[in-house]
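Working notes, structure below.
Computed from the coordinates by the stated procedures, all read-outs in this text should not be read as laboratory data. Here the structure is a predicted model, which is why all the values come from computation and not from measurement. A quick note on method: Cβ atoms are made from the backbone with ideal geometry, for glycine too, and the neighbour counts reach across all protein chains shown.
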Amino acid sequence: MAKVKTRYKCRNCGYISASYLGRCPNCGAWNQFEEETQEVKKVSTKATASRLMTKIGNNDPVKLNEVKAEKEKRIVTPFEELNRVLGGGIVPGSLVLIGGDPGIGKSTLMLQITGALAKEHSVLYVSGEESASQIKMRADRLGVSNSGILLYPETNMQNIREQIDEIKPDFLVIDSIQTMNEPSLDSMVGSASQVREVTSELMKIAKNDQITTFVIGHVTKEGAIAGPKIMEHMVDTVLYFEGDGHHSYRILRSVKNRFGAANEIGMFEMKNEGLTEVNNPSAIFLDERLPNSTGSAVVVSLEGTRPPLADIQALVTPTAFGYAKRTTSGLDFNRVALLLAVLEKRGNLMLQNQDAFLTATGGIKLNEPAIDLAICMAVASSYKNKEISSTDCFVGEVGLTGEIRRVNQIEARVKEAAKVGFKRIFIPKHNLTTELKNNSEIEVIGVASLPQALKLVFN
């Protein structure tokens with residue numbers, strides 16, 4: 001009889017321990033160890049389908065200068081926002097991972113995309129979470145029920161492999177990766193070893209058979225895709241589908257892309273008939289601004305190659321308790337606390353006895369350094385109870401000494417602000433060029449320090 005061996009593996013980094021540990025000694029993560037059992041026997045596992053990698057073409061080493069680099073072909077979808085995020089379209093034979101919170105609209109997005117692709121290509125939609133009738137009801141609502149999508153409710157990877165070999169689809173959708181089961185492993189469905197093995201198998205299917213594969217994955221409460229981190233390293237593209245449950249807008253963000261630029265975003269609006277594209281996100285974030293209001297500043301943020309304008313709002317009130325309260329939404333808490341300290345030290349604003357509440361409106365999350373100046377202006381506007389002109393916007397990183405540091409892609413930011421209708425834009429002095437200074441569409445003002453910016457805006 002084969003001996004059963006028990007070990008514990010960290011979901012986060014893959015560290016193996018003989019006993020259960022509360023904290024991983026390798027990566028420092030807490031409560032990430034899960035039990036794995038295996039039979040110790042002298043049997044080769046190389047015949048397992050998921051581990052069998054066939055040799056393709058000439059695998060001999062070649063000189064770099066002899067390699068012919070050909071531009072990859074792309075399949076352009078009807079969704080321009082998706083094409084932008086993927087770098088110009090879908091690359092055949094790629095493996096794309098789409099992560100997001102439950103109920104955010106991942107399945108809806110994939111059903112709409114595959115519904116459009118199924119008109120000219122064969123699509124196999126594998127669902128491990130919903131029955132065929134449930135998917136049919138959603139397809140009727142989205143208007144893609146007659147597109148020719150092949151539905152296959154199944155979780156067993158062996159059966160899925162057989163169907164792929166028989167149908168040979170152009171596109172494959174796995175919904176979701178956490179429900180798939182590799183029968184050759186005795187671990188629990190959704191465990192780190194199962195997710196890792198299934199992802200490896202899907203990668204080989206995508207590359208060997210040139211089948212473009214979309215994999216849907218749920219995220220943890222920390223916001224990372226559930227499963228081992230190696231899963232994100234294996235796939236070609238990682239997309240995060242983000243949004244606030246209280247808003248109808250959704251953001252498709254590219255975190256990793258081997259065939260295009262990372263950190264690109266696409267915007268969608270969730271409606272009853274499905275997701276619709278948002279071509280002008282700046283208008284969405286700015287349409288609801290109240291006139292003659294204090295504590296509001298507009299920033300030209302940069303998401304990938306797109307520079308959307310966002311409204312940062314601040315409310316500063318005297319504290320009723322012994323210590324000042326700081327609350328943020330859509331902004332990094334530590335960054336805001338740092339900027340409040342710089343405003344108090346360099347801008348002479350007494351904020352230590354003031355509660356500060358800051359938010360990026362519209363449910364968007366802003367995390368780039370170029371939003372620092374707009375945050376400072378919004379806080380100062382609320383503190384001084386002075387309005388910032390509705391035709392002013394801000395771009396710049398603020399240092400600890402109060403200096404305004406240069407940012408990238410300043411030309412694109414200025415162009416976007418002018419296109420929306422702003423009259424003045426405050427930028428770092430080191431970013432100010434002769435071409436920008438002579439811009440006829442918008443007045444470009446270069447500022448070197450935070451006190452200078454405060455003086456120009458509020459005096």
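Considering amide H positions built from the backbone, and no H for Pro or chain starts, which residues 5 or more places from VAL215, or on another chain, come under 5 Å of its amide H?
For VAL215, whose amide H was placed from the backbone, the distant partners under 5 Å are VAL96, LEU97, ILE98, ILE174.
Roughly what angle does helix 157-167 make with the longest principal axis of the chain, taking Cα atoms, 0 to 90 degrees, to the nearest 10?
90
Just to confirm the number: angle between the C-alpha axis of helix 372-384 and the first principal axis of the chain, 0 to 90 degrees, nearest 10?
50
Tell me, what ³J(HN,Hα) does each residue in the stretch 19-25 have, in order and in whole Hz, if you take phi through Karplus 6.51 cos²θ - 1.76 cosθ + 1.60 with θ = phi - 60° and put x for Gly and Pro?
Calculated HN-Hα couplings, in order: 10, 6, 10, x, 10, 6, x Hz.
Per residue of the chain, what 222 nm ellipticity follows from adding -39500 (n - 2.57) for every DSSP H run with n ≥ 4, rounded to the nearest 500?
Estimated from H runs of four or more residues: -8000 deg cm²/dmol.
At a 10 Å Cβ-Cβ cut-off, how would you order THR179, THR434, fewest neighbours first?
Final ranking by Cβ density, sparse to dense: THR434, THR179.
Using Cα-only point scatterers and the Debye equation, what is log10 of I(q)/I(0) for the stretch 284-458 at each q in 0.09 Å⁻¹, rounded to two decimals?
Cα-only, vacuum Debye calculation for the stretch 284-458: -0.27.
With r as the distance between the Cβ atoms of LYS419 and SER19 and R0 = 60 Å, compute the FRET efficiency 1/(1 + (r/R0)^6) and round to 0.05.
0.45
In degrees from 0 to 90, rounded to the nearest 10, what is the angle of the helix 410-420 Cα long axis to the longest principal axis of the chain?
Helix 410-420 sits at roughly 80 degrees to that axis.
Quick one: what are the phi-derived ³J(HN,Hα) couplings along the stretch 126-143, Karplus 6.51/-1.76/1.60 with θ = phi - 60°, whole Hz, x for glycine and proline?
9, 10, x, 10, 10, 7, 4, 5, 5, 5, 4, 4, 5, 5, 4, 5, 8, x
Mind checking the alpha-carbon convex hull of the stretch 60-127 and giving the volume per residue in Å³?
In the stretch 60-127, the Cα hull volume divided by residue count equals 160 Å³.
Could you give me the ³J(HN,Hα) list for the stretch 425-435, computed from phi with Karplus coefficients 6.51, -1.76, 1.60 and θ = phi - 60°, whole Hz, x at Gly and Pro?
9, 9, 10, x, 4, 6, 8, 6, 10, 4, 5
Round to the nearest 0.05 the FRET efficiency obtained for LEU400 and LYS71 when R0 = 45 Å and r is the Cβ-Cβ distance. Walk me through the numbers before you get to the answer.
On the way: r = 45 Å, r/R0 = 1.00.
Using R0 = 45 Å, I get an efficiency of 0.50.
Within 14 Å, Cβ to Cβ, of THR401, how many net charges do the neighbouring residues add up to if Lys/Arg are +1 and Asp/Glu are -1?
So the environment of THR401 carries a net charge of -1.
Quick check on the stretch 73-279: of the DSSP beta bridges with both residues there, what percent are antiparallel, nearest 5%? Intermediate values should be presented prior to the final figure.
On the way: 18 of 44 bridges.
Counting only bridges with both partners in the stretch 73-279, antiparallel ones make up about 40 percent.
If Lys and Arg each add +1 and Asp and Glu each add -1, what is the summed charge of the other residues whose beta carbon sits under 12 Å from the beta carbon of SER191?
-3
Residue separation times 0.36 nm, minus the C-alpha to C-alpha distance between LYS256 and ASN459: what's the value?
On the way: separation 203, 0.36 × 203 = 73.08 nm, distance 4.49 nm.
This chain segment gains 68.6 nm when fully extended.
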